[in-house]
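Q: Dumping the structure here so I can ask a few things about it.
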Amino acid sequence: MKHFLTLLISYFVGTISGSYIIGNIFLNKDIRKYGSGNAGTTNAMRVLGKKAGVLTFVIDFLKGALVTILIRKLFGNELVPLGIFGAVLGHDFPFYMKFKGGKGVATTLGALALFNFPLTLICYIVWAVGTLLTKMVSVGSILFFVSIIIVYTFMSNLTSPNITIIDVIAIIGIIRHKDNIKRIISGNENKIGGKK
C-alpha cells in the first residue's frame, strides 16, 4: 500500500506543469502548440519569454523537491526514489494534458538535489559544462541524465532496487530527448541564442 500511495501522491504532484500553468492562465498560450511543443523550461523560455522560462524551471524544480520532502516524511527515505519516479511520470505524462508533458530535467534535479545533494551537484555540473561547451541545452540535459546513471550506480550507497529506479528515471529522460538527439546528429539542433 505504501508503494502505491507513494506513486499516486508523487504522480499528481508531478503533473503540476509550470509552463502549462503560466502559458494558459497568464499568457493565454498552450505551450504544446508552439516551438518544439514540449512543456518544459527551454521551450517556455523561447515561446513565453525569459521570465516565464525561469518561473517554469522554479515551479518544476520545487515540485520535485516537494515530492522528496513529502515521501520522506510520509513513508521514509527508502521510498523516495520511487516517489521521484512517480513525479517524473507525472511531469512527462500529465493526464490532463493528454499525457504530453515535459522531459523531466528540472523535476529530476529538484527531487534528487534534496535526496542526495553532493551526488546531484556533480550531475548538475556535468549539465552546466555540457551546455556551456556546446551551447545546446539538450546536450547538457542528456549528459545530465547519463551522469545520473554513472554517479548513482557507482558512487551511491543505495540498495540495488533503488539504483535501478534512479537509472530508469534517467533512461526515460534520455529517451524523451530522442528528437533532440536526431537534430544534434543532423546538425539542426537549436543553440543558445537561437543559432543552429
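Q: Of 145, 188, 67, which is farthest on the positive side of the dipole of region 63-196, counting Cα position, with +1 on Lys and Arg Cβ, -1 on Asp and Glu Cβ, and the Cα centre as origin?
A: Checked the options; the winner is 188.
Q: Let me ask something additional. Magnitude of the Cβ-charge dipole of the chain, K/R +1 and D/E -1, about the Cα centre, nearest 20 debye?
A: 740 debye
Q: Could you run the Debye sum over the Cα atoms of region 86-156, one equal point scatterer each and no solvent, and tell me log10 of I(q)/I(0) at q = 0.15 Å⁻¹, two decimals?
A: -0.52
Q: Using a/c under 1.5 as the rounded threshold, could you call region 41-196 rounded, prolate or oblate? The axes a ≥ b ≥ c are square roots of the C-alpha gyration tensor eigenvalues, and prolate needs a/b larger than b/c, oblate otherwise. Write down the numbers at each step before the final one.
A: Working: a/c = 1.84, a/b = 1.43, b/c = 1.28.
The shape class here is prolate.
Q: Same structure, new question: To test your reading of the geometry: what angle, between 0 and 90 degrees and rounded to tens, separates the Cα axis of helix 105-115 from the longest principal axis of the chain?
A: 30 degrees
Q: Could you please put 124, 11 in sequence from largest to smallest accessible area, using a 1.4 Å probe?
A: Numbers: 124 95, 11 45 Å².
Greatest to least solvent exposure: 124, 11.
Q: Which whole-number percentage describes the relative contact order of region 1-114, with Cα contacts under 8 Å and a sequence gap of 6 or more?
A: Result for region 1-114 is 36 percent.
Q: While we're on this one: Give the ranking of 182, 135 by solvent-accessible surface, highest area first, calculated with a 1.4 Å probe.
A: These residues rank, largest area first, as 182, 135.
Q: Using a 1.4 angstrom probe on the protein heavy atoms only, line up 3, 91 by accessible area, largest first.
A: Greatest to least solvent exposure: 3, 91.
Q: Run the helix sum for the chain: -39,500 (n - 2.57) per DSSP H stretch of 4+ residues, divided by residue count, reported at 222 nm to the nearest 500 deg cm²/dmol.
A: Mean residue ellipticity, 222 nm, calculated: -22000 deg cm²/dmol.
The values are calculated or read from the model by the stated rules, or taken from the named source; none is laboratory data. Fair warning: this is a prediction, and the values are worked out from it, not measured in the lab. Backbone-built Cβ (ideal geometry, glycine too); neighbour counts: all protein chains shown. Side chains are part of the model used for accessible areas, which takes the heavy atoms of the whole protein and leaves out ligands, DNA and RNA. Shrake-Rupley method; radii C 1.70, N 1.55, O 1.52, S 1.80 Å.
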